[in-house]
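Computed from the coordinates by the stated procedures, all read-outs in this text should not be read as laboratory data. Since this is a predicted model, take the numbers as computed values, not measurements. Cβ coordinates were reconstructed from backbone atoms using ideal geometry, including for glycine residues, and neighbour counts include every protein chain displayed.
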Amino acid sequence: MQALGRQILAEFYNCNSEVLKDEKFIEEAMVNACIIGKATVVTHTFHSFSPFGVSGVVVIAESHVAIHTWPEHNYAAVDIFTCGETIEPWVLFDFLKEKLGSTHVSHMELKRGLFDIGDAKLKFKPDQDTEVA
C-alpha cells in the first residue's frame, strides 16, 4: 500500500502558557516550522480567543499545519498533514515542541489516502493533461 500523505496528530503538554496566549508568536512559530521543513506556504490565518487561546492554520502546497491552544491547561493540539515526498513532518513536530516549551508529548502518525497500485509509483499530482472522472 502506498499513501498520498502522512498526518501527525500531536498533543503538546506542559507548554509555556504565556507562549500559548501569544497569537503573533504562535503564527511565527507555525510559519517558520513550515519553512524549516521545506514546505511551500500558501497562506495562513490565526485567531485569538477571549480570554485566551489561539487557533490557526498554515495552508501549505503539500497540505496543512493546524494548532489549537489551551493556555489554562498548558496544552496545544497540533495537526501536521503533509503530502508528497519532499517534507519530513517530524522536523515540523520537533521545531514546534521546542517553540511551545513542551516537556511531555503524545503523538500518532497516520497514513492518508492509501492505495494498492502494485508496483506502479503513486503520483501526488496529476499530469497536466489528466482528466478527473
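Got a sec to turn the phi values of the range 67-73 into Karplus ³J(HN,Hα) couplings, 6.51 cos²θ - 1.76 cosθ + 1.60 with θ = phi - 60°, whole Hz, x for Gly and Pro?
Whole-Hz 3J(HN,Hα) from phi for the range 67-73: 9, 9, 10, 10, x, 5, 10.
Give the calculated FRET efficiency between Leu4 and Asp94 to the nearest 0.05, with a Förster radius of 25 Å applied to their Cβ-Cβ distance.
0.60
Could you state the angle between the C-alpha long axis of helix 23-36 and the longest principal axis of the C-alpha atoms of the chain, as a value from 0 to 90 degrees rounded to the nearest 10?
Approximately 30 degrees, to the nearest ten.
How big is the dipole moment of the range 1-65 about its Cα centre under a simple scheme where the beta carbon of each Lys and Arg is +1, that of each Asp and Glu is -1, and everything else is neutral? Debye, nearest 20, please.
So the dipole magnitude of the range 1-65 works out to roughly 180 debye.
Calculate how steeply helix 89-100 sits against the longest principal axis of the alpha-carbon atoms of the chain, using the helix alpha-carbon long axis, and give the answer as 0 to 90 degrees to the nearest 10.
10
I want the local charge near Phe46. Using Cβ-Cβ distances under 11 Å, sum +1 for each Lys or Arg and -1 for each Asp or Glu among the other residues.
Computed value for this residue: -3.
How about Lys121: which aspartates and glutamates have a C-alpha closer than 20 Å to its C-alpha, ignoring those fewer than 8 places off in the same chain?
Glu62, Glu85, Glu88, Asp129, Glu131
Size of the dipole of the chain about the Cα centre, Lys and Arg at +1 and Asp and Glu at -1 on the beta carbon, nothing else charged, in debye to 20?
In total the dipole reaches around 60 debye.
In a Gaussian network model over the chain where Cα atoms closer than 10 Å are linked, find which of Ala120, Ala66, Ala33 has the largest mean-square fluctuation.
In this elastic network of the chain, the residue with the biggest mean-square fluctuation among Ala120, Ala66, Ala33 is Ala120.
Students often get this wrong: which residues of the range 1-21 have the backbone nitrogen under 18 Å from the point 7 angstrom along Cα-to-C-beta of Ser48?
16-21
Would you please give the FRET efficiency between Thr40 and Asn16, computed as 1/(1 + (r/R0)^6) with r the Cβ-Cβ distance and R0 = 30 Å, to the nearest 0.05?
My answer for the efficiency is 0.55.
When the helix-only estimate is applied to the chain (DSSP H runs of n ≥ 4, each -39,500 (n - 2.57), divided by the residue count), what is the mean residue ellipticity at 222 nm, nearest 500 deg cm²/dmol? Can you show the working numbers first?
Numbers: 3 runs with 31 residues, N = 133.
Calculated mean residue ellipticity at 222 nm is -7000 deg cm²/dmol.
Quick one: P(r) of the chain from all Cα-Cα pairs, 5 Å bins, percents rounded to integers, in order of increasing distance.
2, 11, 20, 20, 17, 11, 7, 5, 4, 2, 0
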